[in-house]
Amino acid sequence: MISLISPFISKLALFKRNLGGRKFYQFPSVAALRENGEVHDDDIQIYCDHLDVLQKDMQERFQDILKIKILNWVIDLFLNSNEIEMELKEELTDLQTNEELKPTFKNGYQSFWLQKQISDLYPGLWRMVRKFLLAFPSSYLVERGFSVVTDFLTKKRNRLQIDKHGDLRLFLANIEPNVDRLVAMHQPHPSHYHYMIIFERTFDLNK
């Protein structure tokens with residue numbers, strides 16, 4: 001998360017600086033409007049003020065995350081880091097040479113550290129790493145949620161009704177519908193079925 005927030009905040013400062021200096025590299029639409037005389041200096045100042053407010057809001061909103069210093073070896077396991085405490089260096093060395101776990105690091109550092117073997121075999125490292133994992137939860141569900149909603153809105157459902165159905169929850173959770181039970185719940189009740197047969201025979205509906 002910090003790898004996304006910090007660059008974005010820095011870009012806001014860059015955008016404001018360029019816009020204030022009448023450099024529209026990042027704003028081609030503003031440049032076109034400026035050439036047509038539709039954007040004036042007062043408008044540009046408003047845009048700069050807006051970028052300034054947005055930057056300060058982002059800094060305040062995520063100040064706790066921006067202050068966290070992530071240890072290098074958490075993100076890149078195979079760095080020869082001097083940041084780690086002496087009592088944990090042995091565990092780190094053992095982990096770096098674990099031929100069974102090493103290939104799994106290519107799936108991302110979050111997935112790697114969340115493996116049960118890590119907490120079982122390297123409890124000292126796990127105590128350090130889990131603090132960072134709690135501070136920076138995976139964005140997988142967020143990305144998946146956007147993907148599912150986009151799919152619903154463009155293909156499968158009236159966009160005004162998306163919040164009235166359980167489809168989104170089913171797609172974002174490891175929940176499997178019990179189809180047999182659902183079918184059984186919607187089958188005619190035996191007594192109803194019995195009376196329906198009597199009714200048909202009484203009134204000879206099949207003829």
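The values are calculated or read from the model by the stated rules, or taken from the named source; none is laboratory data. The structure presented is a predicted model; accordingly, all values stated were derived computationally and were not measured. FYI the Cβ positions are ideal-geometry reconstructions off the backbone, even for glycines, and counts take in every protein chain you see.
Which one of the conditions (1) farther than 17 Å from Asp120 by Cβ; (2) modelled with pLDDT of 80 or more; (3) of a type outside the set (Lys, Arg) does Ile84 fail to meet, given that it meets all the rest?
(2)
Residues in region 73-122 that are of a type in the set (A, V, I, L, M, F, W, C) and not in a helix (DSSP H, G or I): how many?
So the answer is 6.
Can you tell which of Asp57, Asp76 is over 22 Å from Trp126 (Cα atoms), under 29 Å from the mean Cα position of the chain (by Cα) and free of Cβ contacts under 8 Å to residues at least 40 places away in the same chain?
Matching residue, one of Asp57, Asp76: Asp57.
Can we say Arg61 is within 20 Å of Ile5 (Cα to Cα) and at pLDDT 80 or above?
So Arg61 fits the description; yes.
Name the residue that is farthest from Ile68 (Cα to Cα), counting only residues in region 1-22 that are outside any helix (DSSP H, G or I) and not aliphatic (A, V, I, L, M).
Arg22
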